[in-house]
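Working notes, beginning with the structure itself.
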Amino acid sequence: VKTVRLALPERPYDVLIGAGVRRRLADVARQARAGQVVVISDQQVGALHAATLVGELHAAGVAASLLTVPAGEGSKSPVTAAHLWDELAQSGADRQTLVVACGGGVVGDLAGFVAATYARGLRYVQVPTTLLAMVDSAIGGKTALNLSAGKNLVGAFHQPEAVLADLDYLRTLPPAEYETGWAEILKCAVVADAALFGRLATQRPSGAGLEDVIGRCAEIKAGVVVADERDQGARAILNYGHTLGHALETTLGYGALSHGRAVAWGMVVAGQLSVRLGECAPEAAAAQDAALQAYGLLAPPSTIPRWEKLAGALAHDKKRVGGDTRWVLLQEIGRAVPGRSVPLETVRTVTEEVMAGARARDPRT
Ligand SMILES: NC(=O)c1ccc[n+]([C@@H]2O[C@H](COP(=O)([O-])OP(=O)(O)OC[C@H]3O[C@@H](n4cnc5c(N)ncnc54)[C@H](O)[C@@H]3O)[C@@H](O)[C@H]2O)c1
Ligand SMILES: [Zn+2]
């Protein structure tokens, strides 16, 4: 079991990574003197894991119940949050109630937001079940809901009591979800850890190697969060590849392209922009692209959007400052810099080149 400490000044907490760490939940509940535990999950993870987790809590003498929502991004909505508030009220939730978010990033963001807001804040524990949630979304206390006007537009900062990343849960994770996790892991390595990148590029980790890699990514995320808990600047480094990635997801429609592939193409574009602007050597971008390719992340999108559409989506980027899209640029493998503005014409040229390359690679055309 690996432990990563989030040394936040107000209240530090631990991320535990390893097979079976969910069994620590009963102790966490007892230490928190929780009157009852309410586990929130989605229907898929509920059937596979969260119902069992509630059973394990009962067996350990902890009063617990399960609330589920439909699986998928659609549940990160105000309607679902209101439904969960009502269910908490019906189950007699009070300030001694401990909420547990058992699922991927959707459940983590939703249950975290519900915990942040019900009774002005309930304590909660993150039990991530996807690779993405283990290395990224479950750590750092950002919670959110989507509005029809855009993703993550409503939210709160609310740090969990603990994060329990149980590797047993990954056994049932569908391949497409693994893929997205690998994209985020490669992103972490590319922006923050050259040694990790070298290791990932040599061999795709599994077993104990996977535990190490998840632990290292959790450490990187924890470091960034501690340096910038409220997302004022430095935390943006983990948005590498996400500027164009989000624009691709928006223009193609969510679900047309996995988040991982969108981020991978976004990393290719960000890498080329970095080269074009003289921030990094072409070899660094090429090494990044080769790793993305080796992990199967550079399959071409089913359709390639026109520049005008992408530009429209970029213009709506939430991370803009004073009307200017900000980019995270690569400096070398293991080092990146956030907050750079890039001339729109350069973005256009590079994006069109990369997208033309993607099309040329497509065996179907
Ligand atoms: N708060 C943050 O800092 C942060 C950071 C990154 C992403 N996010 C958010 O995370 C969300 C994406 O999270 P995600 O990729 O985990 O998606 P997700 O939560 O939708 O999970 C993906 C799918 O996998 C299923 N699943 C989850 N764990 C499983 C398991 N162990 N076995 C079988 N199936 C399993 C789920 O039911 C779901 O259908 C987005 O809403 C994004 O905005 C938040
Ligand atoms: Zn992402």
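The values are calculated or read from the model by the stated rules, or taken from the named source; none is laboratory data. All of these numbers come straight from a predicted model, not from anything done at the bench. Note that each Cβ is placed from the backbone with ideal geometry, even for glycine, and that neighbours are counted across all protein chains shown. Only protein heavy atoms, including side chains, enter the accessible area calculation; ligands, DNA and RNA are left aside. Shrake-Rupley method; radii C 1.70, N 1.55, O 1.52, S 1.80 Å.
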Seminar exercise, completed: Flagged in the stretch 207-248 as within 13 Å of the chain's Cα centre (by Cα), more than 13 Å from ligand 2 (Cβ to nearest atom) and over 22 Å from P9 (Cα atoms), in numbering order, are I214
For this session: Working carefully through the options A144, A149, find the one that is of a type in the set (G, A, S), under 25 Å from L314 (Cα atoms) and crowded, with 16+ Cβ neighbours inside 10 Å.
Result: A144
Exercise. Could you give every pair whose Cβ atoms fall below 9 Å, whose first residue belongs to the stretch 137-157 and is aromatic (F, W, Y), and whose second residue is near ligand 1 (Cβ under 6 Å from one of its atoms), counting only separations of at least 6 or pairs across chains?
Worked result: F157/G140; F157/K142
For this session: Go over the candidates G103, G112 one by one and state the one that is in contact (Cβ under 8 Å) with a residue 60 or more places away in the chain and either small (G, A, S) or more than 24 Å from P9 (Cα to Cα) (or both).
Result: G103
Problem set entry | Failed item in (1) open to solvent by less than 30 Å² (accessible area, probe 1.4 Å); (2) under 17 Å from Y124 (Cβ atoms); (3) in contact with a Lys or Arg (Cβ under 7 Å, 6 or more places away or on another chain), with D14 passing the rest | (1)
For this session: Looking for whichever is hydroxyl-bearing (S, T, Y) and either under 12 Å from the mean Cα position of the chain (by Cα) or within 16 Å of ligand 2 (Cβ to nearest atom) (or both) here; the options are T117, T97, T130. Which one fits?
Result: T130
Exercise. Of the residues in the stretch 17-39, how many are open to solvent by 60 Å² or more (accessible area, probe 1.4 Å) and either more than 19 Å from V54 (Cα to Cα) or touching a residue at least 40 places away in the same chain (Cβ under 8 Å) (or both)?
Worked result: 3
Seminar exercise, completed: Considering residues that are open to solvent by 50 Å² or more (accessible area, probe 1.4 Å), touching a residue at least 12 places away in the same chain (Cβ under 8 Å) and more than 27 Å from Q288 (Cα to Cα), the number found within the stretch 162-192 is 1
Exercise. Going through the stretch 297-323 one residue at a time, which ones are surrounded by fewer than 16 Cβ atoms within 10 Å (Cβ to Cβ) and over 19 Å from Q272 (Cα atoms)?
Worked result: S302, T303, E308, K309, G312, A315, H316, K318, R320, V321, G322, G323
Problem set entry | Index of the failed condition, I220 passing every other in (1) within 14 Å of ligand 1 (Cβ to nearest atom); (2) part of a loop (DSSP other than H, G, I, E, B); (3) without any contact (Cβ under 8 Å) to a residue 40 or more places away in the chain | (2)
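Would you check which residues across the stretch 58-78 are assigned to a loop (DSSP other than H, G, I, E, B) and surrounded by fewer than 23 Cβ atoms within 10 Å (Cβ to Cβ) and list them?
Matches in the stretch 58-78: A60, G61, V62, A63, P70, A71, G72, S77.
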For this session: Please list, ordered by first then second residue, the pairs with beta carbon atoms under 6 Å, 6 or more apart or interchain, first in the stretch 116-136 and open to solvent by less than 10 Å² (accessible area, probe 1.4 Å), second more than 16 Å from ligand 2 (Cβ to nearest atom) and among the polar types (S, T, N, Q).
Result: L122/T97
For this session: Could you please tell me which pairs satisfy a Cβ distance under 7 Å, a separation of 6+ or placement on different chains, a first residue in the stretch 322-346 that is of a type in the set (S, T, N, Q), and a second residue that is assigned to a strand (DSSP E or B)?
Result: Q331/V337; S341/D324; S341/R326
For this session: Being among the aliphatic types (A, V, I, L, M), within 13 Å of ligand 2 (Cβ to nearest atom) and at pLDDT below 95 is the filter here, so list the residues in the stretch 249-281 that pass it.
Result: L257
Problem set entry | Counted residues, the stretch 223-257 - those being within 12 Å of ligand 1 (Cβ to nearest atom), in a loop (DSSP other than H, G, I, E, B) and within 18 Å of R326 (Cα to Cα) | 1
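If only one of A7, A71, A82, A47 is among the hydrophobic types (A, V, I, L, M, F, W, C), without any contact (Cβ under 8 Å) to a residue 12 or more places away in the chain and within 30 Å of R230 (Cα to Cα), which one is it?
A82
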Seminar exercise, completed: Flagged in the stretch 137-172 as modelled with pLDDT of 95 or more and farther than 23 Å from V99 by Cα, in numbering order, are R171, T172
Exercise. Does the stretch 293-321 hold any residues that are without any contact (Cβ under 8 Å) to a residue 24 or more places away in the chain and either of a type in the set (F, W, Y) or more than 18 Å from G260 (Cβ to Cβ) (or both), and which are they?
Worked result: R306, E308, A315, R320, V321
Exercise. Could we say that E249 is of a type in the set (D, E, K, R), touching a Gly at 6+ places or on another chain (Cβ under 9 Å) and open to solvent by 30 Å² or more (accessible area, probe 1.4 Å) here?
Worked result: no
